[in-house]
Amino acid sequence: MGEIEIPEGLTTAVYLARRKGAGTLVLCEVDGLNDKKAIYGRSAIARMLSELKELFAKHFKGYGEKLGEERLYSVLPGSGDHRTTADNFRRAVEEFNFLGELKSFRATVSIGMATLAQSGSVVKLLELATTALREVQAAGGNRVKLAPKHRLGKSERNRPRPK
């Protein structure tokens with residue numbers, strides 16, 4: 001994997017979740033977004049992304065919300081299994097009618113997740129969640145995947161943690 005850019009706010013979100021003891025990074029992207037732009041137009045997609053952000057905020061009560069124009073993220077505090085919450089959000093999006101210029105349309109999302117316990121750094125956390133997201137998309141999308149357990153390397157285990 002090439003150089004990974006850490007989104008603004010993600011480091012702070014991870015820090016806040018770690019202060020609570022544990023957490024999970026959730027990454028979300030709309031499936032087939034470029035095709036939807038071509039069919040429904042940029043203004044309809046901008047509205048859809050705005051509505052999607054609102055739905056996302058209702059489901060995920062964590063830290064953070066938007067990565068770039070087309071990806072949403074949240075760092076959920078706590079050690080619980082957040083896959084059910086992610087799947088409930090995925091189903092809510094699948095059933096939602098987004099407003100197009102002439103008619104409404106549906107969308108689906110792919111979700112990749114990684115736990116803070118699986119990573120020694122924000123970079124590794126983002127890599128793990130991104131890999132899970134890409135695997136879901138390669139499998140056809142409209143799914144949720146938690147990254148498999150990652151064995152921390154020596155340099156990751158010995159890193160000082162923020163207090």
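Just so it is clear, none of the values below were taken in a lab; they were calculated from the coordinates. Just so it is clear, the structure is predicted and the values come from calculations on it, not from any experiment. Don't worry about glycine lacking a Cβ; one is built from the backbone with ideal geometry, like all the others, and counts go over all protein chains shown.
What angle do you read, to the nearest 10 degrees and between 0 and 90, between the alpha-carbon axis of helix 83-95 and the longest principal axis of the chain? With rounding to tens, the tilt is 10 degrees.
How much mean residue ellipticity at 222 nm does the chain get from its helices, if each DSSP H run of length 4 or more adds -39500 (n - 2.57) and you divide by all residues, to the nearest 500 deg cm²/dmol? Each step should come with its number before you reach the end.
Details: 6 runs with 70 residues, N = 163.
Mean residue ellipticity at 222 nm (helix-derived): -13000 deg cm²/dmol.
Angle of helix 42-59 to the longest C-alpha principal axis of the chain, folded into 0 to 90 degrees and rounded to 10: 50°.
When each of the peptides 107-117, 81-91 is scored by the mean number of other C-beta atoms lying within 10 Å of its residues, the order from highest to lowest reads 107-117, 81-91. Relative to the longest principal axis of the Cα atoms of the chain, the long axis of helix 10-19 makes an angle of roughly 50 degrees. Local charge for Arg83 was computed over the other residues whose Cβ lies under 13 Å away, with Lys and Arg +1 and Asp and Glu -1, and equals +2.
Pick from Gly41, Gly141, Gly120: which is most flexible by mean-square fluctuation in a GNM of the chain where alpha carbon atoms under 10 Å apart are linked? Of Gly41, Gly141, Gly120, the Gaussian network model singles out Gly41 as fluctuating most. Across Ala92, Ala17, Ala139, mean-square fluctuation computed from a Gaussian network of the chain (C-alpha pairs under 10 Å connected) peaks at Ala139. Taking the charge dipole of the chain about its Cα centre, with +1 at Lys and Arg Cβ atoms and -1 at Asp and Glu Cβ atoms, the residue from Thr131, Gln118, Ala57 reaching farthest to the positive side is Gln118. Looking at region 10-155 alone, DSSP beta bridges between its own residues are antiparallel in about 85 percent of cases.
To the nearest Å, what is the center-to-center distance of region 30-64 and region 73-109, using C-alpha atoms only? Spelled out, the Cα-based centre of one part sits 9 Å from the other.
Please report the net charge: other residues with Cβ closer than 11 Å to the Cβ of Leu99, K and R +1, D and E -1.
Values: positive: Arg47, Lys103; negative: Glu51, Glu101.
Charge balance near Leu99 sits at 0.
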